[in-house]
Amino acid sequence: MKILIVDDERTSRQLLRDLFLSEGYDVVLAEDGEEGIAKLETEQPSLVISDILMPRVDGFQLLRKIRENSTLKDIPVIFFTGTYLDKKDEEFANEIGVSRYLMKPASPSELISVVNEVLAEDKMNRQSRAPLLSLEEPVFLKLYNERLVNKLKGKVVESERARLSLEHIMEGIGDGVIVIDRAFTILHANSAVAASLGFDRKEMIGRKCHEIKHGRELPCEGPEVICHLPAVFDEGETVKVLHTHMDTEGSERHIEITAAPVKDSRGDTFAMVETHRDIMEKQRDDELVKLVKKLNEAQTHLKYMAITDELTGLKNRRYIVERLDEEFHRAKRPNRPLSLIMLDIDHFKKINDVHGHLFGDMVLKTIASRIKESLRKHDLVGRVGGEEFLVICPESGLDESVLVAERIRRIVNAKAITDGLAEVSVTLSAGVAVIDPEDKRADALLSRADTALYKAKEEGRNRVVTLTR
């Protein structure tokens, strides 16, 4: 028997496919109701399992199309949804001929039991089945539109209540509170944090946190100040740091910040909430303030050195490999793209032998800088060996990452490197690999990128080579 699964969530489709394939059913997939209608006509399934809220054609409209079609009208349909939760939705579904109405999540045993029941009922009633009622078009549209309007009204009310509750909670906290997204944009702020920084609260919303807190045009980076945003967003950690902020009058304020991740239903961090506690105002002659500042600087420097390659200023091997593992697991969960670029300086040993190691170090620093300026904002780069660099390209397929690798190769080779006495032209070889569904660990992806780099060397260097499974 054949089952058609209609769901706009890829993970849900795959889970249902795997479940029913293991039970011996043939399974056909569709990404929404419109594709589902096309598959119905070509595949002639014995049963349809459909989500309700989908783009283009939703579950109610799909069911309506089935019941209107003379050859498809008797196919049983199960709604399996997590979106429409009230009794009236279930009544509407029953009225237009749904066989069962299941709420997500449901256990595999429950799903299999319901499918078997519906198919058994369909077989038993096939000969004696009375024609299913079909609502007239105006009646269907009236009921359907009423459901949508009621849902929309409900969502608007829920959203406004949530917004007001959030504002009351934030204003009721004595400490400063600020919510920041992954792009460093301030989403919410309470009056306490606004007063501490010398801004109007509404004026802060939509601006960059580094602009408001530090008067910087770009995100905080470097040994003098380390931004805690990557630790919160990339590692999901709650961190506590000491920061020195500048208010609008240019005075320094010492702030203890506790930053925690805000996660969505899939467990992905989409924002962070900071609680600010003003521990003291700057006093030039206050020894305690000076001590706190020195401790803060030492803490910042130690954190910076722990993740930074001392020579090039790029992230070090330990840090970039840890980030690769995180990005790998983040990509595997919802099957997102992820690519790696492994880079190696061609004939670097010859540069050291001819010009000396001091000149070689200068070449490494220059190339590191050129690699960094060639990358996109979301790419990550680290030095993983003597003359080897690793670039992580989240949300990027093979073609995109090849373009990045080619840009790096061109920029590095575009201009000779000189110290005023000696001059060299440098080329890079690059290997590019993309995550594969069969990969169990990040090591497999890293190994393919390394193998691709080796092939680039074998094929004559100064080139980009790709390797897919």
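The values are calculated or read from the model by the stated rules, or taken from the named source; none is laboratory data. Please read all numbers here as calculations on a predicted model, not as lab measurements. Backbone-built Cβ (ideal geometry, glycine too); neighbour counts: all protein chains shown.
Of the strands (runs of 3 or more DSSP E) lying entirely inside the range 364-469, those containing at least 2 residues that are β-branched (Val, Ile, Thr) span 388-394, 428-434, 464-467.
Count of the range 33-66 residues, restricted to those that are within 17 Å of Ile3 (Cα to Cα) and in contact (Cβ under 8 Å) with a residue 60 or more places away in the chain, is 3. Summed over the range 20-30, the residues that are closer than 15 Å to Ala106 by Cβ and under 27 Å from the mean Cα position of the chain (by Cα) give a count of 0.
Can you report the number of residues in the range 367-390 which are more than 19 Å from Thr451 (Cα to Cα) and either not assigned by TED's automatic domain parsing to the domain that holds Ala456 or not hydroxyl-bearing (Ser, Thr, Tyr) (or both)? Result for the range 367-390: 12. The lone criterion from (1) surrounded by 11 or more Cβ atoms within 10 Å (Cβ to Cβ); (2) modelled with pLDDT of 80 or more left unmet by Leu135 is number (2).
Only one of the numbered conditions (1) in a loop (DSSP other than H, G, I, E, B); (2) in contact (Cβ under 8 Å) with a residue 12 or more places away in the chain; (3) small (Gly, Ala, Ser) is violated by Ser12, and that is (1). Restricting the range 45-63 to residues that are buried (at least 20 other Cβ atoms within 10 Å of the Cβ) and either outside the structural domain of Val114 (by TED's automatic domain parsing) or over 32 Å from the mean Cα position of the chain (by Cα) (or both), the residue that is modelled with the lowest pLDDT is Leu63. For the range 371-399, taking the residues that are loosely packed, with under 15 Cβ neighbours inside 10 Å and in contact with a strand residue (DSSP E or B) (Cβ under 7 Å, 6 or more places away or on another chain), the one that is nearest to Leu324 (Cα to Cα) is identified as His378. If you filter the range 1-41 down to residues that are touching a strand residue (DSSP E or B) at 6+ places or on another chain (Cβ under 9 Å) and polar (S, T, N, Q), you find that the one that is farthest from Gly82 (Cα to Cα) is Gln14. Taking the stated definitions as given, is Val434 surrounded by 23 or more Cβ atoms within 10 Å (Cβ to Cβ) and touching a residue at least 12 places away in the same chain (Cβ under 8 Å)? Here the answer is yes, as Val434 does meet what is asked.
Would a scan of the range 279-292 turn up a residue that is in a strand (DSSP E or B), at pLDDT 70 or above, among the charged types (D, E, K, R) and in the same structural domain as Ala194 (by TED's automatic domain parsing)? Checked the range 279-292: no residue is in a strand (DSSP E or B), at pLDDT 70 or above, among the charged types (D, E, K, R) and in the same structural domain as Ala194 (by TED's automatic domain parsing).
Test Leu340 against the criterion of being at pLDDT 95 or above and surrounded by 21 or more Cβ atoms within 10 Å (Cβ to Cβ), and give yes or no. When the stated conditions are applied, Leu340 passes them. Condition check for Asp344 on (1) charged (D, E, K, R); (2) part of a helix (DSSP H, G or I); (3) in contact with a helix residue (DSSP H, G or I) (Cβ under 7 Å, 6 or more places away or on another chain): one failure, at (2).
Examine the range 365-377 for a residue that is at pLDDT below 95 and in contact with a Cys (Cβ under 7 Å, 6 or more places away or on another chain), and state whether such a residue exists. No - not one qualifying residue is present in the range 365-377.
For the range 22-44, taking the residues that are assigned to a helix (DSSP H, G or I) and among the β-branched types (Val, Ile, Thr), the one that is surrounded by the fewest Cβ atoms within 10 Å (Cβ to Cβ) is identified as Thr42. When the criteria are applied in full, Glu34 meets the requirement of being farther than 25 Å from Met124 by Cβ, assigned by TED's automatic domain parsing to the domain that holds Val115 and out of contact with any helix residue (DSSP H, G or I) (no Cβ under 6 Å at 6 or more places or on another chain). Consider the range 59-81 and keep the residues that are in contact with a Ser or Thr (Cβ under 9 Å, 6 or more places away or on another chain) and among the charged types (D, E, K, R). The one that is farthest from Thr11 (Cα to Cα) is Glu68.
Checked against (1) surrounded by 15 or more Cβ atoms within 10 Å (Cβ to Cβ); (2) polar (S, T, N, Q); (3) without any contact (Cβ under 8 Å) to a residue 60 or more places away in the chain, Asn462 meets all criteria but (3). Residue count for the range 73-82, restricted to those that are surrounded by fewer than 17 Cβ atoms within 10 Å (Cβ to Cβ) and closer than 17 Å to Ile5 by Cβ: 1. The set of residues from the range 419-430 being exposed (fewer than 14 other Cβ atoms within 10 Å of the Cβ) and over 21 Å from Gly460 (Cβ atoms) comprises Asp419, Gly420, Leu421, Glu423.
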